[in-house]
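Student: Provided herewith is a single structure, encoded as structure tokens, for subsequent inquiry.
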Amino acid sequence: MIATHYILFPILFIVLGLIAPHLKTINGIIGYRTYRAMKNQPNWDYAQKYSGKCFIYMGIVILPFILIDYLDLINSKLLSSIFFVTITLAIAFIIYKTEQGLKRLEQK
């Protein structure tokens with residue numbers, strides 16, 4: 001069985017997704033912070049709004065793994081591996097899609 005604290009991952013993703021669009025000032029502490037996102041205010045605003053949506057979406061995508069675990073439908077070791085691969089891919093997806101959007105924004 002996946003440890004109960006794993007539920008924090010999707011919850012954290014969703015909370016970050018809800019907070020990010022409200023980060024109006026470029027900062028080095030919280031938010032989607034890459035070189036391109038922190039380059040100027042329009043980039044920052046776009047990155048927070050877009051990555052926020054992605055974080056919420058990925059948090060929702062990850063939630064079923066917790067349900068699958070509680071229903072004990074898959075071997076725990078296999079589910080743990082799938083869960084961590086999914087978390088890694090979710091973060092990579094968020095970075096890739098947000099950076100793609102920022103690149104398009106800069107080309108306008």
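No lab work stands behind these numbers, since they all come straight from the coordinates. These figures come from a predicted structure and were not determined experimentally. Counting neighbours? That spans all protein chains shown, and the Cβs are built from the backbone with ideal geometry, glycine included.
Student: With only Lys, Arg, Asp and Glu charged, each at its Cβ (+1 for the first two, -1 for the last two), find how big the charge dipole of the chain is about the Cα centre; round to the nearest 20 debye.
Tutor: That gives the chain a dipole magnitude of about 560 debye.
Student: Semi-axes of the equivalent ellipsoid of the range 27-108: what are they in whole Å, largest first, if each equals the square root of 5 times a C-alpha gyration tensor eigenvalue?
Tutor: 32, 11, 10
Student: On C-alpha positions alone, give me the angle between the axis of helix 8-19 and the longest principal axis of the chain, in degrees, nearest 10.
Tutor: That helix lies at roughly 20 degrees to the long axis.
Student: Pairing the Cα long axis of helix 76-107 with the longest principal axis of the chain, what angle in degrees results, from 0 to 90 and rounded to the nearest 10?
Tutor: Helix 76-107 sits roughly 10 degrees off the main axis of the chain.
Student: Would you mind ranking TYR35, TYR50 so that the residue whose beta carbon has the fewest other beta carbons within 10 Å leads the list?
Tutor: Ranked by crowding around the Cβ, least crowded first: TYR35, TYR50.
Student: Now a separate question. Within the range 4-107, how many Lys pairs sit with Cα atoms under 28 Å apart, leaving out pairs fewer than 8 places apart on the same chain?
Tutor: So the count works out to 13.
Student: Distance in nm between label sites at TYR96 and ILE74, each 7 Å beyond Cα in the beta-carbon direction?
Tutor: 1.9 nm
Student: Ranked by Cβ crowding within 10 angstrom, fewest neighbours first, how are ASP45, ASP72 ordered?
Tutor: Result, fewest neighbours first: ASP72, ASP45.
Student: Using helices alone, I'd like the mean residue ellipticity at 222 nm for the chain: each DSSP H run of four-plus residues gives -39500 (n - 2.57), total over residue count, nearest 500.
Tutor: Using -39500 (n - 2.57) per qualifying helix, the result is -24000 deg cm²/dmol.
Student: Along the charge dipole of the chain, which of ILE26, ILE68, ILE82 sits closest to the positive end, that is, farthest toward it, with unit charges on the beta carbon of Lys, Arg, Asp and Glu (+1, +1, -1, -1)?
Tutor: Result: ILE26.
Student: What is the Cα centroid distance between the range 54-69 and the range 4-47, reported in whole angstrom?
Tutor: One Cα centre to the other: 18 Å.
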